[in-house]
Each structure stands twice: as structure tokens, then as C-alpha cells.
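Engineer: Structure provided below as C-alpha cells; questions to follow.
The values are calculated or read from the model by the stated rules, or taken from the named source; none is laboratory data. All values derive from a computational prediction rather than experimental measurement. Heads up, the Cβs are rebuilt from the backbone with ideal geometry, glycines too, and the neighbour counts pull from every protein chain shown. Please note that ligands, DNA and RNA were not included when accessible areas were found on the heavy atoms of the full protein model with its side chains. Shrake-Rupley method; radii C 1.70, N 1.55, O 1.52, S 1.80 Å.
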Amino acid sequence: MNAGAAPARRRRAPGPVTLLGLFMTLVAAMLAAVPGWSMCYGAWVAFSWLVLGVLVLGVAVLLVVHVVRRQWPQLIRTGRQTAALLLCIGVLPLMGGLSTWVELAWTHGDLAARAEVSVRDGGPRLAMQREDGTWEPGGIFYDPDGESLKPLAARSAAWRESADGEFLDDDCVATRHLVGAYYQWQGGCGGR
């Protein structure tokens, strides 16, 4: 080893403000990933914004103090923690759709298998799944033939005669494409 070499720079551990922001974000991600827990997730985001907002105000005062006292190393350290805190505040609402993707990963194989059974029984290649325990009805459905994208009159007779197809054709049900042959539905007049 070279005797004149500079010592290796030690990495600093994140500050307490950054750790609190990361904790709030991690709990939000866990709540957002559970299908049907959108109200718990929403309540946690509101609580997190309150706590992190108060912290941002406190840190902003601290930043001003460091500038007035010309404490540049402390200003840089506090500025990094403030940036991490603002990033956590911005990321919290973006996790709202995480449960949809978790649910899709969990049910995609079952939906495809049920759609094939439906075809063998003379029905459409369609299978739906519903989120249980939610305030607003919703779930995922599998439609590899793209029947849900066609106008109502152009959909096959098998689709229109099936219980799932009839349900999805209701004016109260909104659908959106997720990925491939998988779609999400929400709403429903009086449930299913």
C-alpha cells in the first residue's frame, strides 16, 4: 500500500430526517401493495404528509440558520436531508396503483386458465376477478380477444350472453387497459 495515499473517504450514514422519510415511504409502499387497503394507504399518506411537512418547515428554518451563521458543511448535510425528504413526499402518492400490479401478478395465471375453461364451455375467452373488501367495487379481467375494446354492438354473442360480459357492458363499469390481455374494471351499479 502506498504510504502517501489519501485515506479512503468514509460514507456518512443518512440523517434522522432522511431515515424518517424513508420509513414513512416504506410503510406507504407496504400498505399500497395490499389489494383492498386503499383507505389505509390514503390515511397513511395524509398522516405522512403532515409529519413530513412539519419536518420540512423545521429543516427550512435550520437551513436559514446555517446560511446566516455561514456553517457550510452543516448546510450541505441539512440540504441533502431536505432533498431526500422532499423526494419521499413526492413519491408517496405515486404508489397508489401498486396494489393493482401486485394483484395482477398474483391472479394472471388463474384468469387465463379460467378464460380457457369458459371457451371450452361455449362462452367467451373472458375471466374476471374482483377485489374483495373495498369501498368501490373493482378488479381485473382477462380479455385476450379484445372484445372489451369493441363497440357494444360489435361484441360477440358469447360475450353478450355471459354474466361477466354483461356486467362489463354496464354503463356504470369503467375499464382501462393494464398490460397485454389484462384490464382493470371499476364501478358497477349496485355491485356484482
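Engineer: Condition first: touching a Gly at 6+ places or on another chain (Cβ under 7 Å), of a type in the set (A, V, I, L, M, F, W, C) and free of Cβ contacts under 8 Å to residues at least 60 places away in the same chain. Can you find one or more residues in region 94-106 that meet it?
Structural biologist: No - not one qualifying residue is present in region 94-106.
Engineer: Sort through VAL54, VAL45 and tell me the only one that's modelled with pLDDT of 90 or more, open to solvent by 40 Å² or more (accessible area, probe 1.4 Å) and β-branched (Val, Ile, Thr). Break it down stepwise before answering.
Structural biologist: Numbers: VAL45 fails: open to solvent by 40 Å² or more (accessible area, probe 1.4 Å).
Result: VAL54 is the single residue among VAL54, VAL45 that is modelled with pLDDT of 90 or more, open to solvent by 40 Å² or more (accessible area, probe 1.4 Å) and β-branched (Val, Ile, Thr).
Engineer: Hey, does region 148-169 have a residue that's open to solvent by less than 30 Å² (accessible area, probe 1.4 Å), of a type outside the set (Gly, Ala, Ser), modelled with pLDDT under 95 and assigned to a strand (DSSP E or B)?
Structural biologist: no
Engineer: Among the listed residues ALA43, ALA60, ALA83, identify the single one that is out of contact with any Asp or Glu (no Cβ under 9 Å at 6 or more places or on another chain), assigned to a helix (DSSP H, G or I) and touching a residue at least 12 places away in the same chain (Cβ under 8 Å).
Structural biologist: Values: ALA43 fails: touching a residue at least 12 places away in the same chain (Cβ under 8 Å); ALA83 fails: touching a residue at least 12 places away in the same chain (Cβ under 8 Å).
Unique residue meeting the criteria: ALA60.
Engineer: Name the single residue that is modelled with the highest pLDDT among those in region 21-42 being farther than 14 Å from LEU94 by Cβ and open to solvent by less than 60 Å² (accessible area, probe 1.4 Å).
Structural biologist: By that ranking, first place goes to VAL27.
Engineer: Report whether or not ALA115 is surrounded by 14 or more Cβ atoms within 10 Å (Cβ to Cβ), small (Gly, Ala, Ser), out of contact with any His (no Cβ under 7 Å at 6 or more places or on another chain) and part of a helix (DSSP H, G or I).
Structural biologist: yes
Engineer: In this structure, does GLY139 turn out to be of a type outside the set (Val, Ile, Thr), closer than 19 Å to GLY187 by Cα and buried (at least 19 other Cβ atoms within 10 Å of the Cβ)?
Structural biologist: Numbers: of a type outside the set (Val, Ile, Thr): yes; closer than 19 Å to GLY187 by Cα: yes; buried (at least 19 other Cβ atoms within 10 Å of the Cβ): yes.
For GLY139, the condition - of a type outside the set (Val, Ile, Thr), closer than 19 Å to GLY187 by Cα and buried (at least 19 other Cβ atoms within 10 Å of the Cβ) - is met.
Engineer: Going by the structure shown, is ARG77 outside any helix (DSSP H, G or I), surrounded by 12 or more Cβ atoms within 10 Å (Cβ to Cβ) and not hydrophobic (A, V, I, L, M, F, W, C)?
Structural biologist: no
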